[in-house]
Amino acid sequence: MKILFNFFLLLLLSGSAIAQQATYAEKLGFKKGAKVIILHVDDLGMSYSSNKGALLAINDGLANSGSIMMPCPWVPGIANYMKQHPGYDFGLHLTFTSEWDDYRWGPVAGVNCVPTLADDQGKLWDNVALVLKNASNEDFETEMKAQIDLSIRMGIEPTHLDSHMGTIFAKPEFIQIYVKLGIEYGIPILFPGGHNTIVSKDFKDDPEFMEQARQIGKQLWDAGLPVIDDVISETYDWRLPKGMKKSDDNLQAYKTSKFIERFNEMQPGITEVILHCTDPSDIFEDITTSGETRKGDLLAMLDPKLKAYIEKEGIILTTWRELSERRKKIGTN
């Protein structure tokens, strides 16, 4: 996932890096030098285990935001929960792939409306490369709008938009549609338009992308939407080292140490931390073999040591809902 996220930057962005004088955290009214984070859980609606894990991480742990995969079968479960418990910071995990072998979903708009997005099973393509090879820009936009419109019809009222498996970020035209619809609907989008300290680590020898990233950030800001400074996206790839005994205690300790390591590298500004908190049931392994790393994210969010570290370091937790409220107070002038 980290690779896909960075792939879009490599394709899309060029120009020379220029030091940014103020972070978007400062522009949104946080104190100078503040480290502000969104602890964001992806994949709500994907399965019962995904919903259960996300809610545990948010209700009992440190996580405070999430996004929903509208084409997936457990969306009604999370939507009904939200009606009974309003106020969550839930956006849309815009979904254009169906990557598991035996547990799959099709486009919200319907195969007949967006035929270039579906395979011979009538499901979304199972990887990003096939989306890039087959999907027309028109069908891509139709499906993106369909997912947003369905969420609104279901009463979800998304606080933000982002991308499942980084598909949106793999093609400049998809990014343009994403930015356009975010502005048209007035919904903030996940796009790091600030200093990108963590994101840019993979591009130490390619410092060209910063300026256009900031240009897109400025476009979103000028349209009245909040913008973030950086993203930590590689948590899905943090797996227990070979030779380490598999246990919840070891998994929690390992994941917590990795989060602290990244937070130590984090610079002032608003950083979204992408998580996949899941409480795997006995059948979750029949969907995907990623249950261990997903459970590790959940255990880290429930770890008192991570909470103590965040408090000790004075790191501020925020949500997309709060960022939008702060942005509206500033206005567009």
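Sorting I316, I274 by the number of Cβ atoms found within 10 Å of their own Cβ, with the fewest placed first, yields I316, I274. The alpha carbon convex hull volume per residue for the chain rounds to 134 Å³. Where both bridge residues fall in the chain, DSSP classifies roughly 5% of the beta bridges as antiparallel.
Here the ratio of the Cα radius of gyration of the stretch 74-223 to 2.2 N^0.38 Å is 1.11. Using the alpha carbons alone, the radius of gyration of the stretch 25-96 stands to its Kirkwood radius in an Rg to Rh ratio of 1.06.
Across every direction, the projection of the convex hull enclosing the Cα atoms of the stretch 152-300 has a mean area of 11.5 nm².
Put simply, the amide H of L94, placed in the peptide plane, has neighbours under 5 Å in D162, S163, H164, leaving out anything fewer than 5 places away on its chain.
The stretch 222-294 and the stretch 153-167 have Cα centres separated by 20 Å.
Within the shell of other residues whose beta carbon sits under 13 angstrom from the beta carbon of A22, the net charge comes to +3, with Lys and Arg scored +1 and Asp and Glu -1. Over the chain, dividing the summed -39,500 (n - 2.57) contributions of all DSSP H runs of at least 4 residues by the number of residues returns a 222 nm mean residue ellipticity of -12500 deg cm²/dmol.
Within the stretch 90-171, all pairs of alpha-carbon atoms sorted by distance into 5 Å bins from zero give the percentages 3, 16, 27, 26, 18, 8, 1. As a rough guide to protection, the peptides 164-170, 300-306, 213-219, 44-50 ranked by mean Cβ packing within 10 Å, highest first, stand as 44-50, 164-170, 300-306, 213-219.
Rounded, prolate or oblate for the stretch 142-203? Axes are the square roots of the Cα gyration tensor eigenvalues, ordered a ≥ b ≥ c, and the cut-off for rounded is a/c under 1.5. Prolate is the answer for the stretch 142-203, as a/c is 1.5 or above and a/b outweighs b/c.
Just so you know, all these numbers are worked out from the coordinates, no wet-lab data involved. Treat the numbers as computed from the prediction; the structure is a model and nothing was measured. Using ideal geometry, Cβ is built from the backbone for each residue, glycine included, and neighbour counts are taken over all protein chains shown.
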